[in-house]
Amino acid sequence: MLMSKHSRVDWGLKSVLLTVSRGRGKGEGKNASLNALVKALFAIVLFLAASSSAAETAQKVRIGFPSLAFSYMPYYIAQEKGFLKKHGLDSEYIQMRTSIQPQAVMAGNIDFLTSVSNGISAGVAGLPLVVVMSFCDSSPWMLVTSKDINKPQDLIGKTVAVSGIRTSPHYFLQAVLKKWEIAEKDVGIITTGGTADSFLALTSNRVAGTVLTPPFDDKAVSLGYKKFLFLGDLADIPYVGLVTSQANIKNNRETVRRTVAAVFDSIAWLRANPDESTKMIVDKFKVSRPEAENTYATLIKLLNKDGRLNAKVARGYIDILRQERSIPADFDPMKLVDFSLLPGGR
């Protein structure tokens, strides 16, 4: 059972008194009692130092996720395989809508969010958020539709689901509608809060299409839906990583560093253990082994080696954001990143 700091002190003082009383009880005299007291105090100092160090090491970190998604596999592994504990972290994963995560970080309700695009968008809007890790160089988003959608124009007058307005799925949907010369107002768009919920909206026939990532796209196909078009190459949009506040870096820099290190270790494990990783995907997403193998292969292709955000992708994303808000022409999105906490980072 864990003791509070005051409990440990009380226990230590009782131990000192017990040690001294035992020394006197044996008739050891003043010197013996003094020696016993010194030894006991020394032992208590060592005990409290060790206990304090252990307590300080187990830092609580709370990470926000919009829903279950394969792109968060490094985080699932970090928790389930003990990498967060290895780095002295007590982790809590909290599900919340993408749109409220930046404010949740600022309010201290969570310590990190995982959408790099969401972090940059909020940073451009003025929130003091920082991208400390970006471990994917591209996005695997896929437009999945019901089987009666055979051409782009079939979506006119229909409803399509995305995780949220001004999220990556929404921007990719906008990009493809622009490519097809279909006005956004001609397609009904609903928000679901996350990829798993978008999948449910499609498979419950609430919508004619949605924007998904593996393994949900393959799972939808197995249920009779179709992969209509791959969207990931239509726009430069950052994907998954780790975003926190400037205040968290300033006040809890070591905890942030440990969190980054734990995720880095998790990614290394993911690369080195394809069979076990695939089994985790099967169990977590309730998909077939072939679907899980495809998902694993897709994820490995997305992962970069250094955890850094590609500057070209970041600047391309700023150009997308300029379509809906005023951003100075010389704005540099790389001002919103800090990779000094990455292993070997500067």
Q: Could you list all residues from segment 292-302 that are among the aliphatic types (A, V, I, L, M), touching a Leu at 6+ places or on another chain (Cβ under 9 Å) and buried (at least 19 other Cβ atoms within 10 Å of the Cβ)?
A: L299
Q: Report whether or not A261 is within 15 Å of the chain's Cα centre (by Cα) and assigned to a helix (DSSP H, G or I).
A: yes
**Q.** Failed item, numbered, when S326 is tested on (1) in a loop (DSSP other than H, G, I, E, B); (2) open to solvent by less than 30 Å² (accessible area, probe 1.4 Å)
**A.** (2)
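Would you mind stating whether S91 is open to solvent by 10 Å² or more (accessible area, probe 1.4 Å), more than 25 Å from P328 (Cβ to Cβ) and assigned to a loop (DSSP other than H, G, I, E, B)?
On the way: open to solvent by 10 Å² or more (accessible area, probe 1.4 Å): yes; more than 25 Å from P328 (Cβ to Cβ): yes; assigned to a loop (DSSP other than H, G, I, E, B): no.
Spelling it out, it is not the case that S91 is open to solvent by 10 Å² or more (accessible area, probe 1.4 Å), more than 25 Å from P328 (Cβ to Cβ) and assigned to a loop (DSSP other than H, G, I, E, B).
Identify all residues within segment 199-216 that are free of Cβ contacts under 8 Å to residues at least 24 places away in the same chain and within 25 Å of the chain's Cα centre (by Cα); write none if there are none. Spell out the reasoning first.
In the first step, residues of segment 199-216 are kept if they are free of Cβ contacts under 8 Å to residues at least 24 places away in the same chain; the result is 199-200, 203-204.
Across segment 199-216, the qualifying residues are F199, L200.
Go over the candidates K151, K178, K158, K219 one by one and state the one that is of a type in the set (K, R), more than 25 Å from I318 (Cβ to Cβ) and free of Cβ contacts under 8 Å to residues at least 24 places away in the same chain.
Only one candidate passes the filter, namely K151.
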Q.
S99 - would you say it is closer than 24 Å to L309 by Cα and either open to solvent by 10 Å² or more (accessible area, probe 1.4 Å) or not in a helix (DSSP H, G or I) (or both)?
A. yes
Q. Among all residue pairs at least 6 apart or on different chains, which show Cβ distances below 6 Å where the first residue, located in segment 118-146, is touching a residue at least 60 places away in the same chain (Cβ under 8 Å) and the second is part of a helix (DSSP H, G or I) and among the small types (G, A, S)?
A. L129/G119; L129/A122; L129/G123; V131/G119; V144/A220
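The values are calculated or read from the model by the stated rules, or taken from the named source; none is laboratory data. Keep in mind it's a predicted model, so treat the numbers as computed, not measured. So basically every Cβ, Gly included, is an ideal-geometry build from the backbone, and we count neighbours across all protein chains shown. We work out accessible area using only protein heavy atoms, side chains counted, and drop any ligands, DNA or RNA first. Shrake-Rupley method; radii C 1.70, N 1.55, O 1.52, S 1.80 Å.
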